[in-house]
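Undergrad: This is the structure I have questions about; it appears just below.
Just so you know, all these numbers are worked out from the coordinates, no wet-lab data involved. Here the structure is a predicted model, which is why all the values come from computation and not from measurement. Neighbour counts run over all protein chains shown; Cβ positions are idealised from the backbone, glycine included.
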Amino acid sequence: MTDPENVNGEEERPEGLHISDKRRFDPETYERRVPGTPTADQAAAGPGPSGDTGAEPADRAEPTGQVEDADETEEGEVPGEFVVPDDVSELVEDARVVELESQVRERTEDLQRLQAEYVNYKRRVDRDRDVARQTGIESVMNDLLAVLDDLRSARSHEDLTGGFKAVAEEIEKVAAKHGLEAYGVEGEAFDPQIHEALMHQPAPEGTEVDGPTVVAVLQPGYRIGERILRPARVAVTGA
């Protein structure tokens, strides 16, 4: 008995869900599929009654929500993406390290130079401060020399007594505290660097001298350290 629906020799297609393989890479051969080419299953099954190979029309809309990653390969790499080789990456990292080390070296040299400049500046300031302080002391002591001469003269005449004597001693203590030192004694060798000869006298009888010698101190000399404020004014004997 002939089925009236199959008089033309066509089989009735089952109704329901129809699944099409739209993967662009063949899961067995891993080759890229060309649109319109039947899959391996479709090639094995052969063409359908109406010559349908199972490929969907190119202009048929794809179901909503289906995500295709057509640009990714099986290994997850994106075709056309440049992959930097490991050795090149290491060279880039080494160059970066060299650059950073060079910058650190330059900054260190700058800091060392600034530190040296600061140390030199501090030394210069300290030296200038000491010079200014010493200059001030010498200026004050120079003004006191005349006063000290009067005190010495009063003491030699025994006029330095009572309260005046106490004041004179305090003045001399303050002068000594700031490094003022009196020098010049009879019998020492004459030194033009620290003595000023005001007169020449013959040597006392029975005294032998070798070279110029101080025989009398007219005014004592004063100095602060190696700095001569006033040479000793003396009388000299000898050649």
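Undergrad: Against the empirical 2.2 N^0.38 Å scaling, what ratio does the C-alpha Rg of segment 179-239 come to?
TA: Values: Rg = 11.8 Å, N = 61, 2.2 N^0.38 = 10.5 Å.
Ratio of Cα Rg to 2.2 N^0.38 Å: 1.12.
Undergrad: How would you rank 192-201, 102-111, highest first, on the average number of other Cβ atoms within 10 Å across their residues? Intermediate values should be presented prior to the final figure.
TA: Details: 192-201: 13.2, 102-111: 10.0.
With the highest mean Cβ count within 10 Å placed first, the list reads 192-201, 102-111.
Undergrad: For Val215, enumerate residues with amide H under 5 Å from its amide H, sequence gap 5+ or separate chain, H modeled in the peptide plane.
TA: Placed amide hydrogens put Gly187, Ala235, Val236, Thr237 under 5 Å from Val215.
Undergrad: Please sort 221-234, 118-131, 176-189, 151-164 by packing, taking for each peptide the average over its residues of neighbouring beta carbons within 10 angstrom, highest first. Could you put the intermediate results ahead of the total?
TA: Numbers: 221-234: 17.0, 118-131: 10.0, 176-189: 13.9, 151-164: 11.9.
Highest to lowest by the protection proxy: 221-234, 176-189, 151-164, 118-131.
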